[in-house]
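Take a look at the structure set out below.
What follows is calculated from the coordinates using simple rules that are stated; it is not laboratory data. In this text, all values refer to a predicted model and were calculated from it rather than measured experimentally. Positions of Cβ are backbone-derived with ideal geometry, glycine not excepted, and every protein chain shown enters the neighbour counts.
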Amino acid sequence: MSSDLSGRVAVVTGGASGIGEAVARLAVERGAAVVIADLDPARATAVADDLGGHAVALDVGSAPDVAAVAEQIEREIGAVDVLVTSAGITQRPTPPEDYDVADWDEVFRVDLRGTWLCAVEFGRRMAVRGQGSIVTIASVAGMRSMPLHAYTPAKAGVIAMTADLAAEWGRSGIRVNSVAPGYTLTPLLRERIERGERDPSNLAGESALGRMVDADEIAKAVCFLASDEASAITGVNLPVDAGWLVAPTWRTYDGIPDKR
Ligand SMILES: NC(=O)c1ccc[n+]([C@@H]2O[C@H](COP(=O)([O-])OP(=O)(O)OC[C@H]3O[C@@H](n4cnc5c(N)ncnc54)[C@H](O)[C@@H]3O)[C@@H](O)[C@H]2O)c1
């Protein structure tokens with residue numbers, strides 16, 4: 001099967017939880033040797049042990065850490081064919097006047113700088129070898145306005161960066177794409193719901209399909225883009241959002257129609 005990843009070495013940042021964990025599990029099922037690179041080494045090791053992969057501790061926002069981990073993985077496990085950048089944090093909805101700039105900086109440090117550092121560090125090695133596939137995890141938040149004044153522009157930056165890197169490295173045999181998840185019930189989102197910062201019935205009800213997304217559904221899109229099945233696809237941002245992007249404007253009329 002061409003969405004097969006056998007023989008590939010795949011690094012998944014943020015692979016110890018949620019979307020990254022689902023990607024790591026599916027990539028192993030499809031034959032990849034997976035390395036989970038995560039800020040939480042205990043959880044990364046538990047997941048890696050469970051699925052038969054490798055774990056490394058990594059803060060994606062730290063340039064020396066990212067360089068050292070890339071070097072260690074290539075030395076100990078092998079040349080990296082696939083990079084998935086799922087490490088990320090979000091924020092509470094906050095008026096700009098009340099938003100602490102240190103919190104703003106941290107969202108940018110992890111979500112945008114962390115994606116950049118990992119893409120460049122692994123991408124430079126892929127470019128020398130003339131092959132590789134990078135899938136960044138953006139968000140529908142990067143495609144619309146929301147009261148998330150750091151997260152939204154950081155994710156818009158991830159989408160722009162992905163397109164830039166796709167053009168930069170196309171002739172070097174690297175494809176670079178992003179997946180933009182809609183609301184996906186992972187530990188990250190569950191925590192926000194429990195704190196009362198997101199309403200689950202709104203999250204599900206505001207989409208064409210009338211539901212949230214499963215992490216497994218994101219993983220399938222990511223593994224497709226990472227595989228040879230997507231061999232002519234580069235520079236795209238693929239929303240996997242249960243139709244959240246197409247639905248809200250229908251509120252100007254009578255809303256999304258009920259089942260016929
Ligand atoms: N869950 C959603 O609804 C949703 C929607 C759109 C986009 N996303 C994006 O998907 C990605 C994964 O989110 P999730 O819902 O699976 O979250 P999650 O909290 O379940 O998993 C995120 C993982 O990233 C790791 N991480 C955090 N900071 C890190 C750092 N500095 N260095 C390395 N690892 C770090 C965490 O330890 C955790 O294991 C994020 O980029 C998030 O913005 C999530």
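Summary of computed values
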| quantity | calculated |
| --- | --- |
| Sparse-neighbourhood loop sites, trypsin sites (Lys or Arg not before Pro) in the range 126-226 - DSSP loop, at most 12 other Cβ within 10 angstrom | Arg144, Arg195 |
| 5 angstrom amide H check on Val213, placed H, neighbours 5+ away | Tyr183, Thr184, Leu185 |
| Calculated from backbone phi, Karplus (6.51, -1.76, 1.60) coupling profile of the range 84-93 in Hz, x at Gly/Pro | 10, 9, 9, 4, x, 10, 10, 8, 7, x |
| Orientation-averaged projected area, Cα convex hull of the range 129-260 (nm²) | 9.7 nm² |
| Summed residue charge, Cβ within 13 Å of Gly14's Cβ, Lys/Arg positive, Asp/Glu negative | -4 |
| Rg/Rg_globular for the range 9-252, with Rg_globular taken as 2.2 N^0.38 Å and Rg from C-alpha atoms | 0.96 |
| Under 5 Å, built H, 5+ apart or other chain: amide partners of Val56 | Ile36, Ala37, Asp38 |
| GluC sites (Glu not before Pro) restricted to DSSP loop in the range 82-159 with at most 14 other C-beta within 10 Å | none |
| Cα centroid separation - the range 56-81 against the range 4-47, whole Å | 14 Å |
